[in-house]
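Have a look at the structure below, then the notes.
The values are calculated or read from the model by the stated rules, or taken from the named source; none is laboratory data. Every value quoted in this text rests on a predicted model; they were computed, and no experiment measured them. Positions of Cβ are generated from backbone atoms using ideal geometry, with glycine treated the same way; all protein chains shown enter the neighbour counts.
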Amino acid sequence: HTVHSPLYVNGEQRVIGSCPELTEAESLAAVEAVSKAWDNGRGAWPTMRVEDRIARVEEFARRMLAVRDQVVRLMVWEICKPLNDCRAEFDRTIDYIRATVDALKDLDRASSRFVIESGIYAQIRRAPLGPVLCMGPFNYPLNETFTTLIPALIMGNPVIVKTPRIGKLLYAPLLEAFADCFPAGVVNILFGDRRVAIPALESGRISVLAFIGSSRAADALRRHHPSPHRLRCVLGLDAKNAAIVLPCADMDLTVSEAVTGALSFNGQRCTALKIFYVHASRTEEFLAKFSEAIAALPMGLPWKPGVKITPLPVPGKIDDLRELVDEAVAKGARIANPRGGTFDRTLYYPTLVAGVTAEMRLHTEEQFAPVVPVVSYNDVSEAAEAVIASPFGQQASIFGTDPDAVAALIDPMVNQVCRVNINSQCQRGPDTFPFTGRKDSAEGTLSVSDALRAFSIRTLVAAKGS
Ligand code: G3H
């Protein structure tokens with residue numbers, strides 16, 4: 001089908017490419033191919049020496065670099081991310097591949113050692129798991145898919161990649177390199193929406209589902225596997241990362257972190273700050289400074305120098321946001337910045353919503369958009385309780401200058417989320433740090449080295465000594 005850019009240039013949405021409409025038949029063909037490449041663990045790829053697999057992946061990275069400009073351009077036009085951020089995503093992906101290779105060399109050295117325990121001589125080996133289905137989101141269409149694809153591949157698993165629904169065209173310049181660098185059936189690319197992955201899952205021949213996207217979609221997908229309890233899942237899901245702003249916060253620093261934390265790529269990051277709990281004595285100051293900072297953000301098309309706010313690529317998103325904000329306002333919240341709640345075609349103006357309470361959808365649901373809910377609290381326990389009550393548990397930030405007040409919140413937060421940021425926004429990087437979440441936010445851990453473990457199993461060769 002024809003792919004139009006979500007961007008309006010001179011009043012028009014341009015055709016930026018076309019994409020095959022894949023169906024059940026291709027999904028089953030991909031399963032057939034990946035199963036053949038696995039061949040019950042006897043295939044060329046799962047039995048290949050680690051150094052040979054590394055060489056193929058390194059060659060693939062070199063081939064990727066040769067098409068950097070094409071990949072970046074397609075990403076800009078299809079997901080509307082600022083040009084510099086698309087370049088950064090590409091470069092970060094190359095760095096991720098290199099770091100994965102280094103981590104594997106260390107892991108391989110560590111796991112191929114012999115141990116002698118109770119008279120048993122044993123060699124611990126890391127072995128692949130079987131066919132992996134990788135599905136990444138539209139906001140990091142290259143990087144987040146590759147953070148599962150590369151570790152899965154390099155550990156010896158053949159893969160099917162279901163490309164994101166938006167952000168798929170950038171896979172076209174990579175197809176030849178995939179075909180040249182890996183044996184037949186080892187990498188299979190499926191274009192299409194989520195439904196095209198279902199026949200593959202229903203076949204029962206997928207060993208691991210690596211999915212980054214919404215919690216609801218992940219639940220629906222895994223139910224399509226005939227034995228969902230046997231399907232290993234590596235999941236990065238919804239989040240509602242909270243910032244707790246204490247009465248002692250340095251407000252300039254807080255707002256500067258809050259603006260990038262909440263609004264980078266229009267808030268379309270799973271790690272974005274998605275709700276602010278601000279002490280009542282500082283709420284008006286926080287809103288005034290945040291509103292002023294929003295007014296200074298450059299907005300427009302993604303290649304405009306220094307642009308921060310760009311159009312939203314998801315069809316229907318503006319209508320969803322209007323409903324979300326209207327519902328909050330109807331229940332007593334107010335829009336706290338001058339152009340908040342307005343939009344121009346697919347460009348939604350960043351919107352600060354003050355007076356948010358637990359009865360509003362905006363309080364609990366992930367907005368994935370440039371909408372910033374602000375809750376005013378009187379006692380910090382109210383903010384902590386709200387984080388505890390959240391169905392999500394990825395990260396949180398604490399802003400404050402009194403070390404005792406900050407320290408008092410760290411332990412309670414560590415048991416709710418998987419990363420507590422002090423006087424700084426939430427984020428995934430550096431990619432060697434563990435990246436995961438509690439509750440409905442994640443399953444498994446995705447850092448460079450954790451991902452190698454997630455896509456492999458430790459096996460033993462053991463002999464009784466004499
Ligand atoms: O969408 C979630 C991404 O993993 C966020 O990564 O914090 O580096 O933007 P980031």
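Within the range 366-382, the residues that satisfy the criterion of being closer than 30 Å to D404 by Cα and not in a loop (DSSP other than H, G, I, E, B) are V372, P373, V374, V375, S376, Y377, V380, S381, E382.
Taking the criterion of being of a type outside the set (K, R), out of contact with any Pro (no Cβ under 9 Å at 6 or more places or on another chain) and away from the ligand (no atom under 16 Å from the Cβ), the residues of the range 117-147 that qualify are E117, S118, G119, I120, Y121, A122, Q123, I124, L129, L133.
Against the test of being surrounded by fewer than 17 Cβ atoms within 10 Å (Cβ to Cβ), farther than 22 Å from T163 by Cα and out of contact with any strand residue (DSSP E or B) (no Cβ under 8 Å at 6 or more places or on another chain), the options R68, R53, R49, R63 yield a single qualifying residue, R49.
Could you check D219 against (1) under 30 Å from S456 (Cβ atoms); (2) crowded, with 21+ Cβ neighbours inside 10 Å; (3) away from the ligand (no atom under 12 Å from the Cβ) and say which number it fails? Of the numbered conditions (1) under 30 Å from S456 (Cβ atoms); (2) crowded, with 21+ Cβ neighbours inside 10 Å; (3) away from the ligand (no atom under 12 Å from the Cβ), the odd one out for D219 is (2).
Restricting the search to the range 1-21, which residues are touching a residue at least 24 places away in the same chain (Cβ under 8 Å) and either closer than 24 Å to K162 by Cα or out of contact with any Ser or Thr (no Cβ under 6 Å at 6 or more places or on another chain) (or both)? Across the range 1-21, the qualifying residues are V3, S5, P6, L7, Y8, V9, I16, G17, C19, P20, E21. Scanning the range 57-94 for residues that are within 21 Å of A179 (Cα to Cα) and not in a helix (DSSP H, G or I) returns a single hit, V67. A Cβ distance below 7 Å, combined with a sequence gap of six or more or placement on separate chains, defines the contacts here; from the range 250-270, residues that are under 25 Å from F138 (Cβ atoms) and within 12 Å of the ligand (Cβ to nearest atom) reach residues that are in a helix (DSSP H, G or I) and not small (G, A, S) in the pairs F265/D85.
One residue stands out in the range 427-461 among those that are assigned to a loop (DSSP other than H, G, I, E, B), among the hydrophobic types (A, V, I, L, M, F, W, C) and out of contact with any helix residue (DSSP H, G or I) (no Cβ under 6 Å at 6 or more places or on another chain): the one that is farthest from the ligand (Cβ to nearest atom), namely F433. Consider the range 356-384 and keep the residues that are more than 26 Å from the chain's Cα centre (by Cα) and of a type in the set (D, E, K, R). The one that is surrounded by the fewest Cβ atoms within 10 Å (Cβ to Cβ) is D379. Each residue in the range 164-213 was checked for being free of Cβ contacts under 8 Å to residues at least 40 places away in the same chain, under 21 Å from T2 (Cβ atoms) and either among the hydroxyl-bearing types (S, T, Y) or in contact with a strand residue (DSSP E or B) (Cβ under 7 Å, 6 or more places away or on another chain) (or both), and 3 of them qualify. Residues in the range 227-253 that are touching a helix residue (DSSP H, G or I) at 6+ places or on another chain (Cβ under 7 Å) and either part of a loop (DSSP other than H, G, I, E, B) or of a type in the set (S, T, N, Q) (or both): L231, L237, D238, K240, L246, P247, C248, A249. Residues that are in contact with a Leu (Cβ under 9 Å, 6 or more places away or on another chain), modelled with pLDDT of 95 or more, under 30 Å from V461 (Cβ atoms) and polar (S, T, N, Q) occur at least once in the range 82-105. For first residues located in the range 144-163 and without any contact (Cβ under 8 Å) to a residue 40 or more places away in the chain and outside any loop (DSSP other than H, G, I, E, B), partners that are hydroxyl-bearing (S, T, Y) and within 16 Å of the ligand (Cβ to nearest atom) and lie 6+ apart or on another chain with Cβ distances below 7 Å form the pairs V161/T145. The set of residues in the range 340-379 being of a type in the set (S, T, N, Q) and under 20 Å from R282 (Cβ atoms) consists of T357, S376, N378. If you go through the range 235-254 and keep only what is over 27 Å from G167 (Cβ atoms) and surrounded by fewer than 24 Cβ atoms within 10 Å (Cβ to Cβ), you end up with L246, P247, C248, D250, M251, D252, L253.
When you go through I124, I54, I97 one by one, which is the residue that is under 22 Å from I154 (Cα atoms), assigned to a strand (DSSP E or B) and in contact (Cβ under 8 Å) with a residue 40 or more places away in the chain? If you could, list the steps in order and put the result at the bottom.
Numbers: I54 fails: assigned to a strand (DSSP E or B); I97 fails: assigned to a strand (DSSP E or B).
That would be I124, the only listed residue that is under 22 Å from I154 (Cα atoms), assigned to a strand (DSSP E or B) and in contact (Cβ under 8 Å) with a residue 40 or more places away in the chain.
Exactly one residue out of V380, V353, V387 is touching a His at 6+ places or on another chain (Cβ under 9 Å) and among the hydrophobic types (A, V, I, L, M, F, W, C), and it is V380.
Among the residues of the range 276-297, is there at least one that is of a type outside the set (G, A, S), within 16 Å of the ligand (Cβ to nearest atom) and either closer than 27 Å to V420 by Cα or over 18 Å from the mean Cα position of the chain (by Cα) (or both)? Checked the range 276-297: no residue is of a type outside the set (G, A, S), within 16 Å of the ligand (Cβ to nearest atom) and either closer than 27 Å to V420 by Cα or over 18 Å from the mean Cα position of the chain (by Cα) (or both).
Test of understanding: among G167, G192, which residue is within 24 Å of C86 (Cα to Cα) and modelled with pLDDT under 95? Walk me through how you get there before you give the answer.
Numbers: G167 fails: modelled with pLDDT under 95.
So the residue among G167, G192 that is within 24 Å of C86 (Cα to Cα) and modelled with pLDDT under 95 is G192.
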